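To start, the structure under review is shown below, and the notes come after it.
The values are calculated or read from the model by the stated rules, or taken from the named source; none is laboratory data. The structure displayed is predicted, hence computed values, not measured ones. Here Cβ is always computed from backbone atoms with ideal geometry, including for glycine, and neighbour counts include all displayed protein chains.
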Amino acid sequence: MTTLSPQTATHLADASVLAVETQGLDRVYRRGQQKVHALDNVDLTIGAGQFVAIKGRSGSGKTTLLNCISGLDQPTAGVVRVFGDEIGAWSEGRRTTWRREQVGFIFQSLGLLPVLSAYENVELVLRLNGVGASERHKATLEALELVGLTKWNDHRPYELSGGQQQRVAIARALAGSPRLLIADEPTGNLDSKTAHSVLALFRAIVRERNATMLMATHDTLADDYVDRIINLSDGRIVGE
């Protein structure tokens, strides 16, 4: 009989929980006297453990939706709940702590620090979270092993290929075992072979860790890897 680790048991218990829920979500920006509705009355539910692609043309509201769900942006109106918590009711300090501890971000621009090695780029997030040295070392190595970069621990970003750099960014996002992963055009700068590899890795991570992943993308390659595709147009959901 297999015994689940406490962390795995927690993730499996979360499988019955709604990961993300938005109700009447609006985000309005002002350009001079003009109002721009980046999000317009978005109602959305995403179950825990799902890998979801959010698609649409540039300006459709994909990034704004991810930013509101992750608490990086405050909606003009409406409610965002993540694992049952209404994050808009929190202080900015609490949202910052929550993002650091429970949300992993993977961006097209990567944001790796060029003077740090792959290991140091991943470890830095754990250091900022106050994780002890021994646990930090173990989690960093596990994250790099998961993305297949153990042999490149000591390499700096400029010594790695684009696909390897993306994997360092993924490892950094995974190191703290986040419940929610947010990716914004993560394969936009990758060739098709590398993009397939990265998307397969995302799918494996979602399955193995029972994480919930939201990915804004234009990439048609993603269609074969995700559980759901949500289409946005002019700030509104127009179909799945």
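Of note:
- The listed residue being surrounded by fewer than 21 Cβ atoms within 10 Å (Cβ to Cβ), at pLDDT below 90 and of a type outside the set (S, T, N, Q), out of Arg236, Arg203, Arg228, Arg209: Arg209
- The range 141-175, residues that are part of a loop (DSSP other than H, G, I, E, B) and surrounded by 20 or more Cβ atoms within 10 Å (Cβ to Cβ): Val147, Leu149, Ala175
- Residue within the range 72-79 that is in contact with a helix residue (DSSP H, G or I) (Cβ under 6 Å, 6 or more places away or on another chain) and in a loop (DSSP other than H, G, I, E, B) present: yes
- For the range 151-177, a residue qualifies if it is over 13 Å from Leu112 (Cα atoms) and at pLDDT 90 or above, and the qualifying residues are Lys151, Trp152, Asn153, Asp154.
- In a residue-by-residue description of the range 71-82, the property of being at pLDDT 90 or above, buried (at least 20 other Cβ atoms within 10 Å of the Cβ) and touching a Cys at 6+ places or on another chain (Cβ under 9 Å) applies to at least one position.
- On inspection, Ser192 passes the criterion of being surrounded by fewer than 16 Cβ atoms within 10 Å (Cβ to Cβ) and either among the polar types (S, T, N, Q) or at pLDDT below 85 (or both).
- Candidates Arg203, Arg156, Arg179 - the one that is touching a residue at least 60 places away in the same chain (Cβ under 8 Å) and closer than 22 Å to Leu124 by Cβ: Arg179
- Leading residue by the ranking (nearest to Val168 (Cα to Cα)) among those in the range 120-131 that are of a type in the set (A, V, I, L, M) and out of contact with any helix residue (DSSP H, G or I) (no Cβ under 6 Å at 6 or more places or on another chain): Leu124
- Residue satisfying condition, being in contact (Cβ under 8 Å) with a residue 24 or more places away in the chain, surrounded by 14 or more Cβ atoms within 10 Å (Cβ to Cβ) and more than 22 Å from Ile230 (Cα to Cα), within set Trp90, Trp98: Trp98
- The residue of the range 2-50 that is modelled with the lowest pLDDT, among those that are assigned to a loop (DSSP other than H, G, I, E, B) and surrounded by 12 or more Cβ atoms within 10 Å (Cβ to Cβ), is Val17.
- Looking across the range 103-119, the residues that are surrounded by fewer than 16 Cβ atoms within 10 Å (Cβ to Cβ) and out of contact with any helix residue (DSSP H, G or I) (no Cβ under 8 Å at 6 or more places or on another chain) come down to Ser109, Val115.
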